[in-house]
1. Pick out, in residue order, every one of the GluC sites (Glu not before Pro) in the stretch A:47-78 that is DSSP loop and has at most 13 other C-beta atoms within 10 Å; say none if there are none.
2. Would you calculate the separation in nanometres between label points at residue B:118 and residue B:2, each defined as 7 Å from the Cα along the Cα-to-beta-carbon direction?
3. For peptide B:40-50, how many partner chain Cβ atoms fall within 10 Å of a residue's Cβ, on average?
4. How many square angstrom of accessible surface are buried between B and A, both sides summed, with a 1.4 Å probe and rounding to 100?
5. At a 1.4 Å probe, what is the % contribution of carbon and sulfur to the accessible area of the stretch B:3-52?
6. Tell me, what is the 1.4 Å probe accessible area of residue B:74, in Å² to the nearest 10?
7. Give the calculated FRET efficiency between residue A:95 and residue B:63 to the nearest 0.05, with a Förster radius of 25 Å applied to their Cβ-Cβ distance.
8. Report the calculated FRET efficiency for residue B:22 and residue B:109 (r = Cβ-Cβ distance, R0 = 51 Å), to the nearest 0.05.
Amino acid sequence: MYPDELALHDDKSAVSQRGALERAGSRVDLTFEELFERYSSMVFSLVYQILGDREEALDVSQDVFFTIYRKIGSFRGESSIKTWIYRIAVHRAANRCRWWSRLRRRGTVSLEEHLSRNSEGDIYRSLRSDAQSPEDALLIQEEHREVERMLLQLPLQQRVAVIMKDIEGLSYEEIAEAMQISLGTVKSRIARGREVLKRNFREAMS
Amino acid sequence: MLCEKALPLLSEYFDDVLDPQTAIQISQHLGQCIRCRREFDGLSSVHKRLQALHRVAAPAYLNSLVRHKIEKRTRDSWRVRLREDIERRWSKIRTLEGMWYVTRALGTVMASLFFVLITSAITPYYMNVNAPVRDLNFPPDYSHQVAVNLMKKLGIPTLAQRQIAWRDAAISDLYFSQFGEAISSTPKDDDFSVVTRIDRSGSAQIQNVLQYPADENLLNNFNAMITTARWRPASRNGQVISSHLVCMVSKISVDN
Ligand SMILES: [Zn+2]
């Protein structure tokens, strides 16, 4: 599926990364490789939940890690590296989301339309092992899609806050730092987001 | 505690971030109030369903994509990077339906802009009938100067016959000029000398006849001649030369 040239040029890229890694190492004590190893699924998952599209998430995740690679030298350690990475990821994903909604306002296309056109059946979520049979697995997958669709209906800021709290399991303080908003705003966004979801779930049930 | 006070705090109560005292109050209220209990259960079900989504695994090749991007970007010059960035964004826009119309509209606008630029570059200068004369960079007493210069050339010392208030607002936007031929100190039969008023559309009207031809019949022809004359500011390479007027007279036949 992916062409050969994307297969790694290990020696060269290792050399080119070392400079940044050494700079990063002084404050972060992790090489870029290690950072990627540790946080790639966190970034990808968060971005995917925010945007609801796999290809978009891949694209934005690349941007996020490229930004990390470039800016790690200026990371001052005033927040944890985790929230710093979350901040970059949230910022990038939100920008992409706004880009889509700008297009929608211009009457060209909406993210939802784009998704329904491009990523039908494109969910690679690893199912939990509590699926007993293929039928169970299918049901769980259906349930996940339903929840994802509901999530995408939330306003962007509420969606991000709810995802970080309920899926990523971050603390209020971490979310405030990652989204660069006050603790009070975090609380109200989460509460309002959950409220909307609760209502929508109920409507879907009845 | 009242429901109105409890309900907005349920989300924080669920996350266990309330101060102990408030938390105890809420928990007591939940023990008594079915409605709030139901809302709280709704919240925890929302949380459960969201939590069940758990993390989506990043595809293994994300690593390759990132390294490829880093390697490429580090290698390329900023110019290449900028161009690629623009191309990437543009290709994204181009693939969207509807953008076609935007592109087409943009093309139309550019084409008409180009047309306007080209035509304004190649067409000669036209006098704007409605524009004040100052817009053409004529000095305020331009018409006076033209008249005086013309009269000097024609050998007439002054406008003795009639005093005209040159700076009068009503006539300051008019050009005055002397029109005539072969004016000599000893007038012949067909000599005439006149001050014409040329309005901004370039048509001339006789303002004041300074010297009549001896032949009265010539006066009619003379009228015809003066009204067929057109005046315009002289121009060179499309630039107006404010110190010169050009007079264009179509050939007229004089029949007796
Ligand atoms: Zn209550």
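1. Those satisfying the criteria are A:78.
2. According to this spin-label approximation, the distance is 7.6 nm.
3. Mean number of neighbouring Cβ atoms from other chains: 6.
4. Chains B and A together bury roughly 5100 Å² of accessible area.
5. 52 percent
6. Surface open to solvent at residue B:74 totals about 80 Å².
7. 0.60
8. Working: r = 62 Å, r/R0 = 1.21.
Calculated transfer efficiency: 0.25.
The values are calculated or read from the model by the stated rules, or taken from the named source; none is laboratory data. Please read all numbers here as calculations on a predicted model, not as lab measurements. Using ideal geometry, Cβ is built from the backbone for each residue, glycine included, and neighbour counts are taken over all protein chains shown. Side chains are part of the model used for accessible areas, which takes the heavy atoms of the whole protein and leaves out ligands, DNA and RNA. Shrake-Rupley method; radii C 1.70, N 1.55, O 1.52, S 1.80 Å.
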